[in-house]
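The values are calculated or read from the model by the stated rules, or taken from the named source; none is laboratory data. On a predicted model such as this, the values are computed, not experimentally measured, just so you know. Virtual Cβ from ideal backbone geometry, glycine too; neighbours counted across all protein chains shown. Please note that ligands, DNA and RNA were not included when accessible areas were found on the heavy atoms of the full protein model with its side chains. Shrake-Rupley method; radii C 1.70, N 1.55, O 1.52, S 1.80 Å.
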Amino acid sequence: MDSLKKLFALREYVREYENDIGISHLTEIERSVVAFIAANKETTLKQITEAKYFENISSSSLKMAVAKLIKEKIISQKVSPEDKRNKFLAITL
């Protein structure tokens, strides 16, 4: 039971940080994508969809989340100079 209390306390801290950076209005998937991009430099949508963390989330849900985050200017995408097919995602907060 102590572990569950610690887990809830951790969730409260995460929620507080999400409020502080202005992403608390996003869905759980969108917030997770933001955190993944922040933790991984030069991330692509393909890397997100292939990440173990997102294995139970459909690629279409992840694509929609990325599109919304780009539209809201929370993240940006930049075409790779080496391979025009790759688009790197970055946090713009």
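Two decimals is fine: what's Rg over Rh for region 1-53, C-alpha atoms, Kirkwood radius as Rh?
Result: Rg/Rh = 1.06.
Of all trypsin sites (Lys or Arg not before Pro) in region 42-93, which ones are in loop regions per DSSP and have a Cβ with at most 12 other Cβ atoms within 10 Å?
Here the sparse-neighbourhood loop sites are Lys73, Lys84, Arg85.
Skipping prolines and chain starts, which residues have an amide H placed within reach, meaning under 5 Å, of the one on Thr43, given they are 5 or more residues away or on another chain?
Under 5 Å from the amide H of Thr43: Leu89.
Relative to the present Cα-Cα distance, how much length would full extension add between Arg15 and Glu28 at 0.36 nm per residue of separation?
The Arg15-Glu28 span can extend by a further 3.6 nm.
Around Gln47, what is the net charge, scoring Lys/Arg as +1 and Asp/Glu as -1 over all other residues with Cβ under 12 Å from its Cβ?
Every neighbour counted, the sum reads +2.
Once you've got the Cα coordinates, tell me which of Lys6/Lys46; Lys41/Lys63; Lys5/Lys78 are over 30 Å apart.
Check vs 30 Å cut-off fails for Lys6/Lys46; Lys5/Lys78.
For the chain, with all protein chains present and a 1.4 Å probe, just round the carbon and sulfur fraction of the accessible area to a whole percent.
Summing carbon and sulfur atoms, their accessible area is 55 percent of the total for the chain.
Looking at the calculated P(r) for the chain, what percent of the C-alpha pair distances fall above 21 Å?
When all Cα pairs of the chain are counted, 37 percent exceed 21 Å.
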